Amino acid sequence: MPKDNGIGASLKRREDVRFLTGTGNYTDDISVHRQLYVHFLRSDVANGTINGIDTAAASAMSGVVRIFTGADFEGVGSIPCGWQVTDRHGEVMKEPAHPVLAQGKVRHVGDPIAAVVANSLEEARNAAEAIDLDIHELPAAVDMRKALEEGAPLVHDELGDNLCYDWGFVEENREAVDEAIKNAAHVTTLELVNNRLVANPMEPRVAVGDFNRATGDSTLYTTSQNPHVIRLLMGAFVLGIPEHKLRVVAPDVGGGFGTKIFHYAEEAFCTFAAKALNRPVKWTASRSEAFMSDAHGRDHVTKIELALDADNNFVALRTATLANMGAYLSTFAPSVPTWLHGTLMAGNYKTPLIYVNVKAVFTNTVPVDAYRGAGRPEATYQLERVVDKAARELGVDPVALRRQNFITEFPYATPVAVEYDTGDYNATMDTLETMIDRDGFAARRAASEAKGKLRGLGINCYIEACGIAPSNLVGQLGARAGLYESATVRVNATGGLVVMTGSHSHGQGHETVFPQVIAEMIGLDESMVEIVHGDTANSPMGMGTYGSRSLAVGGSAMVRATEKIINKTKKIAAHLMEAAEADIELKDGQFSVAGTDKSVAWGDVCLAAYVPHNYPLEDIEPGLEETAFYDPSNFTYPAGAYSCEVEVDPETGKVTIESFAAADDFGNVVNPMIVEGQVHGGLGQGIGQALLENCAYDENGQLLSASYMDYAMPRASDLPLFKVDHSNGTPCTHNPLGVKGCGEAGAIGSPPAVVNAVVDALQSAGKNVLHIDMPLTPARVWDAMNG
Amino acid sequence: MTKVTMTVNGASVSGEAAGNTLLVEFLREELRLTGTHVGCDTSQCGACSVHVDGKLVKSCTMFAAEADGTDVITIEGEAAEDGTLSTVQQAFQDHHGLQCGFCTPGMVMAATALLKENPKPSEAEVRHYLEGNICRCTGYHNIVKSIMAASGQNVEPMAAE
């Protein structure tokens, strides 16, 4: 029988009630008394010199309070980058300044030039149209290959070229990899594009800055996945506000998917302007503004070569990637194509020699940074596509080829510097093959062919790394932050608990899941536990939620703090029952003395801590509140096997997903319902990438896809029902819950499954198509078939 | 500015609206009914869906002045007086039909309208009806399941495993 409480229960989400009744509190729902509105005038050219900004007429217009330009931000810090990559020549990456408002040059369509603050949004917009801009448009660097050519237009003149870094990993392996590839029995080569995407959380970004002149305190309400990180980056590096005078609140946040990790210029602007004007200043992005200012994702161009011996064992892997950084370095952008990508290139396979080269390129486009999976989807896509192609070239079953090369012994140290703690790749593949009735595929293909359609089956594996850590290691790799998490557990006098976590929920369900863990540990009903997050004023310094880290890192911090609470309550219980502390047991919310019938309830012990009349005051302090910071000793490594079955209409090239199955190993699972929901969502985004989504620029750097009219978001009718399984969990060995993280898996594992399936369908019709770049629109598929 | 009067969630309300004020702006800014959300600027996402005189309407496609004299139901008007969730709302909670919650008000309003028109929709009919509502979190699986469950149909075969 399923559990109805604690770890393993599919508890319904408590946060749902407010979201279902329209009583959530998203940032745009916040209006501060006397607030002003800001509208940003943004560049409509990709590259240009600002010769002049005449704001005189606009400033005189109705309702305008003040118009800010880049000149107002001289002396204010640059928007910082949180990760410094050192390249294969020992050079640190090039790191250009990123002003809050453009200074001297505009570098992408959407780059903010001026900010009009007015009494109403309409007045701000109208005045922005009256600003007289004199911008000299320059040729733009858009295509990455061309941007690296001699004489290409420069994104940042002072850098001399558009190369941010030239990273090699593992550099010491390079010659050995080259040699192995030269001598291999078979080499499969594939060139591919990992298409540029826009994360598109349904809630656009919003910032409300407020300032209290009496106290000197600044407050920023913002749509962030990590309010403490924003407080640190903006306070310390941009505006020079010490953390105790700056509060950052990220209330209900309508989805993030990575793009709400980063510190953005609009946040700094609203905080700065609120102080300058002594009035609250609010900004709400329109969707088209979001398309040209939210950090984009992916955008890699890759050549991958897989070398095999005569027995089809993988012997070496070499990849070369161009990674788009856009016009400025967003918060974690340099880490995505390097440490979040190169370290995963072993995948699920025991390839002994691997070399990864990544050239990061500045272009006159919106900055590119982490988007759901961040580097790991790019690694998985190229690897699982090249393995599939190798199987086709060698005439072997693609699943058999994978199984033959699976890592089967753990812990396993890969040649790309990471150590997988646990996993069972054959188990997830076995489950997958059962889920999809692989034996019945031939009959299904025949049925499709009978009605004039092609049918294809794509199967692949994935591995990801979650909960990136430990801090001292990531520091060596260039992170300018720690990657621990924190929790304060406060027990009230009547026994209820409040957990203040540095993690942040923007759809993941922390408010439901975290209490399940504490309920299990103490033996209480989960309704006794409340979760507080999203406000730097009431939670300890935390790093927030991304990279599927909340439960593995934030949950572990909560477990550690709760363990401290339990240790202290045992001391109190021992005192109350006049027993030795070592004999105290805690079960179902009752303390008992082993081997006796003595017991005292949880609530009585908590009350004693706050009304310490009969209490060991000489040994322990009154009160019951503990904080823990947890810094993991390793990443976690979720893995699995995915399958996609498609029908292709040969007349039109249209691809229809007939079925999709995912067999995942997430380690232990706290709330299966929520885990399945996370996988569904990831699959939706991954299939969206494979079939529909593409962020397109023309050769002049004009953004062609800047609304839902021209960026194809997956709709309900584009996606199937999913089959998902997480029964093969191999618990993580180095965190107290044995959890691995499930937020990104779906988006990582699904794109290659779709492409593998479509190639399989086309091959079944005798078409010599070995690859099609995503998204697999009808036009691209038709062209591939008829090209 | 003109005075606009309408019934919202059963109560008569009036307020000042400029000629170009959208219904969604009137609901959110003037009436402070912030459950109706704005997710795009091209009438594609459906986060602002409400019912006007019993019909499903994207409130970004209608001026407040056009809604003068109409009967408007927003997400805040869906649960019972005592807070009991509507059948559709309850099904969304029971089947995990929401994650971040931002598209959810529009989804609930769309689903409620669908079931009024078509009390026992097929899976394909549900997906087709949701064409104007975008969700980025759920992959739609559990939204479809929630709506099918709210219609009283057996959703056991749609279990994830």
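The values are calculated or read from the model by the stated rules, or taken from the named source; none is laboratory data. What you see is a predicted model; the values in this text were computed from it and never measured. Note that we place each Cβ from the backbone using ideal geometry, even for glycine, and neighbour counts take in every protein chain shown.
Quick notes on this structure:
- For segment A:1-38, filtering for residues that are without any contact (Cβ under 8 Å) to a residue 12 or more places away in the chain, under 29 Å from A:GLY523 (Cα atoms) and in a loop (DSSP other than H, G, I, E, B) leaves 4.
- Considering residues of segment B:127-161 that are of a type in the set (Ser, Thr, Tyr) and touching a His at 6+ places or on another chain (Cβ under 7 Å) only, the residue nearest to A:LEU691 (Cα to Cα): B:THR138
- So B:GLU66, is it modelled with pLDDT of 95 or more, facing chain A (nearest Cβ under 8 Å) and surrounded by fewer than 22 Cβ atoms within 10 Å (Cβ to Cβ): no
- Hey, A:ASN162 surrounded by 17 or more Cβ atoms within 10 Å (Cβ to Cβ), touching a Pro at 6+ places or on another chain (Cβ under 8 Å) and not assigned by TED's automatic domain parsing to the domain that holds A:GLU267 or not: no
- Any chance A:GLN678 is more than 12 Å from chain B (Cβ to nearest Cβ), buried (at least 21 other Cβ atoms within 10 Å of the Cβ) and at negative phi: no
- Verdict on B:ALA80 being in contact with a Ser or Thr (Cβ under 9 Å, 6 or more places away or on another chain), aliphatic (A, V, I, L, M) and within 28 Å of A:THR223 (Cβ to Cβ): no
- Any hit, segment A:620-629, residues being surrounded by fewer than 24 Cβ atoms within 10 Å (Cβ to Cβ) and touching a Pro at 6+ places or on another chain (Cβ under 6 Å): yes
- A single member of B:GLY101, B:GLY97 is in contact with an Asp or Glu (Cβ under 9 Å, 6 or more places away or on another chain), within 7 Å of chain A (Cβ to nearest Cβ) and small (Gly, Ala, Ser), and it is B:GLY101.
- Scanning segment A:343-373 for residues that are of a type outside the set (A, V, I, L, M, F, W, C) and surrounded by fewer than 24 Cβ atoms within 10 Å (Cβ to Cβ) turns up A:THR343, A:LYS350, A:PRO352, A:ASN357, A:LYS359.
- Selection of strands (runs of 3 or more DSSP E) fully inside segment A:39-136 by the criterion of at least 1 residues being at pLDDT 95 or above and under 20 Å from A:THR331 (Cα atoms) returns A:112-118.
- Residues (over 30 Å from A:PRO204 (Cβ atoms) and among the hydroxyl-bearing types (Ser, Thr, Tyr)) located in segment B:132-161: B:SER151
- Segments classed as strands (runs of 3 or more DSSP E), wholly inside segment A:424-514, with at least 1 members that are among the acidic types (Asp, Glu) and closer than 30 Å to A:ALA609 by Cβ: A:485-491
- Residue selected from segment A:1-43 under the condition surrounded by fewer than 22 Cβ atoms within 10 Å (Cβ to Cβ), over 16 Å from B:GLN90 (Cα atoms) and of a type in the set (A, V, I, L, M), by the criterion farthest from the chain's Cα centre (by Cα): A:MET1
- Search result, residues across segment B:80-110 that are assigned to a loop (DSSP other than H, G, I, E, B) and either touching a residue at least 24 places away in the same chain (Cβ under 8 Å) or of a type in the set (Ser, Thr, Tyr) (or both): B:THR84, B:SER86, B:HIS95, B:HIS96, B:GLY97, B:LEU98, B:GLN99, B:CYS100, B:PHE102, B:CYS103
- Here A:VAL646 fulfils each of the conditions (1) assigned to a loop (DSSP other than H, G, I, E, B); (2) away from chain B (no Cβ under 14 Å) apart from (1).
- The set of residues from segment B:125-161 being small (Gly, Ala, Ser) and either within 10 Å of chain A (Cβ to nearest Cβ) or farther than 11 Å from B:ALA111 by Cβ (or both) comprises B:GLY132, B:GLY139, B:GLY152, B:ALA159, B:ALA160.
- Tally, over segment B:111-124, of residues that are surrounded by 20 or more Cβ atoms within 10 Å (Cβ to Cβ) and either at the interface with another protein chain (Cβ under 10 Å from one of its Cβ atoms) or among the polar types (S, T, N, Q) (or both): 1
- Among the residues making up segment A:337-359, those that are under 14 Å from A:ASP166 (Cα atoms) and assigned to a loop (DSSP other than H, G, I, E, B) are A:PRO337, A:THR338, A:TRP339.
- Cβ separations smaller than 6 Å between residues 6+ apart or across chains give no pair from segment A:109-135 residues that are closer than 20 Å to A:ALA71 by Cα and not assigned by TED's automatic domain parsing to the domain that holds A:ALA265 to residues that are outside any strand (DSSP E or B) and modelled with pLDDT of 95 or more.
- Single residue of segment A:719-733 satisfying the filter (buried (at least 19 other Cβ atoms within 10 Å of the Cβ) and more than 9 Å from chain B (Cβ to nearest Cβ)) that is nearest to A:CYS466 (Cα to Cα): A:CYS732
- Filter result for A:THR55 (polar (S, T, N, Q) and buried (at least 21 other Cβ atoms within 10 Å of the Cβ)): yes
- Residue within segment A:282-297 that is touching a residue at least 12 places away in the same chain (Cβ under 8 Å), away from every other protein chain (no Cβ under 14 Å) and of a type in the set (D, E, K, R) present: no
- Residue check for A:LEU704: out of contact with any Ser or Thr (no Cβ under 9 Å at 6 or more places or on another chain), hydrophobic (A, V, I, L, M, F, W, C), closer than 30 Å to A:ALA327 by Cβ and modelled with pLDDT of 95 or more: yes
- Within segment B:14-25, tally of residues that are in a helix (DSSP H, G or I) and either at the interface with chain A (Cβ under 10 Å from one of its Cβ atoms) or of a type in the set (Val, Ile, Thr) (or both): 2
- Residue match in segment A:154-175 (condition: of a type in the set (Asp, Glu) and assigned to a loop (DSSP other than H, G, I, E, B)): yes
- Selection count, segment A:692-718, where residues are within 13 Å of another protein chain (Cβ to nearest Cβ) and in contact with a strand residue (DSSP E or B) (Cβ under 7 Å, 6 or more places away or on another chain): 1
- Checked against the criterion of being of a type in the set (Asp, Glu) and closer than 30 Å to A:ILE468 by Cα, the candidates A:GLU95, A:GLU129 yield just one match: A:GLU95.
- Of residues in segment A:248-269 being within 14 Å of chain B (Cβ to nearest Cβ) and among the hydrophobic types (A, V, I, L, M, F, W, C), the one nearest to A:ARG205 (Cα to Cα): A:VAL253
- Residue match in segment B:26-49 (condition: away from chain A (no Cβ under 12 Å) and over 27 Å from A:GLU289 (Cα atoms)): no
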